[in-house]
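Contents: one structure, followed by commentary.
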Amino acid sequence: LESNAESFLVKDMTTAFNNVGMDAVCLSHRSCGKDINRTTKAYHLSFTDDLKHMVEQIASITPGRRIYLAGFSLGANVVTKYLAEMGEKAQTFNVC
């Protein structure tokens, strides 16, 4: 059931984004990749902390550049929840 940045779907989407001139960053939920989760928190439907941190990092490295978010299955729910939490503040990070 779990997917990660190494899945065929994610790799295909990354290639598609790259083909139209967009950079892509992939976020694997905790324990869904090769690395073992060594924190006290685990991912779940309402866990947006990692996505929030990643968006803030990307925005600080590439100020003014648009950040498009995409997710699959649970990841789509996390993206939707994150955008709802951010509300109009999402514009501060140029998130679409």
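Leaving ligands, DNA and RNA out of it, rank Tyr82, Tyr68 by accessible area with a 1.4 Å probe, largest first. Display every interim value, and only then the final one.
Details: Tyr82 0, Tyr68 130 Å².
From most accessible down to least: Tyr68, Tyr82.
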Taking placed amide H atoms and a strict 5 Å upper bound, the residues 5 or more places from Ile67 or on another chain that come that close are Val95, Cys96
Charge sum, other residues only, whose C-beta stays under 12 Å from Lys52's C-beta, Lys/Arg counted +1 and Asp/Glu -1:
-2
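The values are calculated or read from the model by the stated rules, or taken from the named source; none is laboratory data. These numbers were taken from a predicted model, which means no experiment stands behind them. Because the Cβ atoms are built from the backbone with ideal geometry, glycine has one as well, and the counts that use them run over all protein chains shown. Keep in mind that these areas ignore ligands, DNA and RNA; they rest on the heavy atoms of the full protein, side chains included. Shrake-Rupley method; radii C 1.70, N 1.55, O 1.52, S 1.80 Å.
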